[in-house]
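Report on the following structure.
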Amino acid sequence: MNRNQWLCSAVAVVGLLALAQNSIAGPMDQAKRMHDHLTGVPPSEAVLQQMVAYIKNGSAKNAALLAIDNDYFYDVMLPNWFSTWTNVALDPHVDLNDYSATAIGLIRDDIGFDQVLYGDVLYTGNDALVSSLNANGSVAVKRQIAPYLNTSNQHYIDLQNVRINPADITDTTSAARIMRIHLKQFLVKKQQSAVTGISDTAGVLTTRAAGLAYFSAGTNRREARFAFKNFLCMDMPQLQDTSRPDFRVRRDVDRMPGGDSRTFKQTCVGCHGGMDALAGAFAHFDFVNNQLMYTPSAVQAKYNKNNTVFPGGFVTIDDSWLNLWIAGANSALGWNGNGSGNGARQFGKMISQTDQFSYCMAKRVFNRVCLRDPVTAEEDQIRRLAGDFAANGRFSMKDLFAAVATLPQCMGD
């Protein structure tokens, strides 16, 4: 064997050894990987040793839960994850808002995550940090962050960016502000209807951020579409079904686009037939002048605009909705709730009760923690995770994150 051959052989052996080390990771490497994937930062030495001990003792879930308790899980990982859910462009760089903060708060408190779609819940910053206002809107008491307002997101921008004095959170001295406001410590659960004055609350679906993204302009079909996209992992190309009837399609949809009725029957109705029947749930909502509007006694005018395009189309007179996708191809989503109802909360409840909701959450968490989409061979694993997530109506996101983080392919077994 000449020198070049020997060098090639040596390099090959080193490469094989490296692959073996990566494929059979020890408890130390597994703990480091788990913490990094869940928080984006390395663990402290004390936390690392405790995680290693858990893994050695066969309690990998406890190791994952210890990592989840890190502030960075709530301050960085979850805000980045949820940001794309809060805007049409799927931009991960948007500011924290009431949509993302509420989703984060439900996870922190280990409240059933199905409530993200129908709960009368809203998470804000702790009142001890919040400036108070006089009746005329002027500042009465200056504290660390702006108050929650229906017309502004400044409260959450401050919550994400302002620093405080950890020894005295009321201290407004600039030099003393050395610690960021940790969401795990300073988020507070409130009754959404009491804060916003909206009676038909539906978790994140009726937050100001959702209004800005999905009720502004348009005809509120976006809210129905993105509820499916965000929480069922199904967008219109997957949902379209031309076998569904068109009697709930509104008057602003042309029945003869390009002069050919077949285009409507063979294409347009595939989305509009089901979506228009569901979007009535938001008939009392709009987003105007930077504010989420709710008119319980009147349908928003946008629902009946462009009414001369097809005068014989459906006229929205209330916030009733009908799920025509229970039958047909979309029956595979596993509908377990009511097929009709009124308003946003009942709509959100219907979405949350599908088998697809749990399956979608399992897929999303897998993608976030394992840093890739699951492959076909992992389908049974995703189904099992979804079943465990929904078991006994718990819908614990903490447990789901821990379960995914301890999968062999994610831990590095």
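The values are calculated or read from the model by the stated rules, or taken from the named source; none is laboratory data. What you are looking at is a predicted structure, and each value in this text was computed from that prediction instead of being measured. Cβ sites come from the backbone with ideal geometry, for glycine too, and all protein chains shown count toward neighbours. Surface areas here come from the heavy atoms of the whole protein model, side chains and all, with no ligands, DNA or RNA. Shrake-Rupley method; radii C 1.70, N 1.55, O 1.52, S 1.80 Å.
For the reader, a short list of remarks on this structure follows.
- Per-residue HN-Hα couplings for segment 84-99 [Karplus 6.51, -1.76, 1.60; θ = phi - 60°; Hz; x = Gly/Pro]: 5, 6, 9, 8, 5, 6, 6, 7, x, 9, 6, 5, 3, 8, 5, 5
- Tensor-based shape of segment 21-73 (alpha-carbon gyration tensor, a/c under 1.5 rounded, otherwise prolate or oblate): oblate
- From the coordinates of this entry, Cα extents along the principal axes in Å is computed, and it appears in [x] 71, 45, 39; [y] 88, 50, 42; [z] 84, 64, 45 under the label [z].
- Extension gain for the segment GLN291 to SER199, taken as residue separation times 0.36 nm less the Cα-Cα distance, is 31.5 nm to one decimal.
- Backbone HN-Hα couplings from phi across segment 279-292 [Karplus 6.51/-1.76/1.60, Hz, Gly and Pro as x]: 5, x, 4, 10, 5, 9, 10, 7, 10, 9, 6, 6, 9, 6
- Nonlocal amide H pairs with ARG180, under 5 Å, H built at 1.01 Å: ILE164
- Look at the Cα gyration tensor of segment 110-268: its axes a ≥ b ≥ c give a/c of at least 1.5 with a/b over b/c, and that counts as prolate.
- Segment SER340-ASN307, length gained on full extension (0.36 nm per residue, minus Cα span): 9.4 nm
- Cα centroid separation - segment 351-383 against segment 177-207, whole Å: 27 Å
- Candidates MET179, MET397, MET77, ranked by Gaussian network fluctuation over the chain, Cα under 10 Å, top entry: MET179
- Shown in residue order for segment 266-274 are the 3J(HN,Hα) couplings computed by the Karplus curve 6.51 cos²θ - 1.76 cosθ + 1.60 at θ = phi - 60°: 9, 9, 4, 5, x, 9, 5, x, x Hz (x for Gly and Pro).
- Highest-fluctuation residue, ARG250, ARG143, ARG364 considered, GNM on the chain with Cα pairs under 10 Å: ARG143
- On the basis of the beta-carbon distance and an R0 of 56 Å, GLN266 and SER152 show a calculated FRET efficiency of 0.75.
- Taking every protein chain into account, the 1.4 Å probe leaves TYR148 with about 40 Å² of accessible area, to the nearest ten.
- On the basis of the beta-carbon distance and an R0 of 35 Å, ASN392 and ASN134 show a calculated FRET efficiency of 0.15.
- Using a simple spin-label model with pseudo-atoms 7 Å out from Cα toward Cβ, ASN80 and SER44 lie 2.2 nm apart.
- A simple packing score, the average count of other Cβ atoms within 10 Å per residue, orders the peptides 269-278, 292-301 as 269-278, 292-301, with the highest score first.
- Distances between placed amide hydrogens fall under 5 Å for VAL288 paired with MET293, all partners being 5 or more residues away or on another chain.
- Most mobile listed residue (THR219, THR263, THR206) in the chain, GNM with C-alpha springs under 10 Å: THR263
- Residues whose amide H comes within less than 5 Å of that of THR354, counting only those at least five positions distant or on another chain, are ASN336 (H built at 1.01 Å from N in the peptide plane).
- Contour excess over end-to-end distance, with Cα ends at ARG384 and ASN161 and 0.36 nm allotted per residue: 76.4 nm
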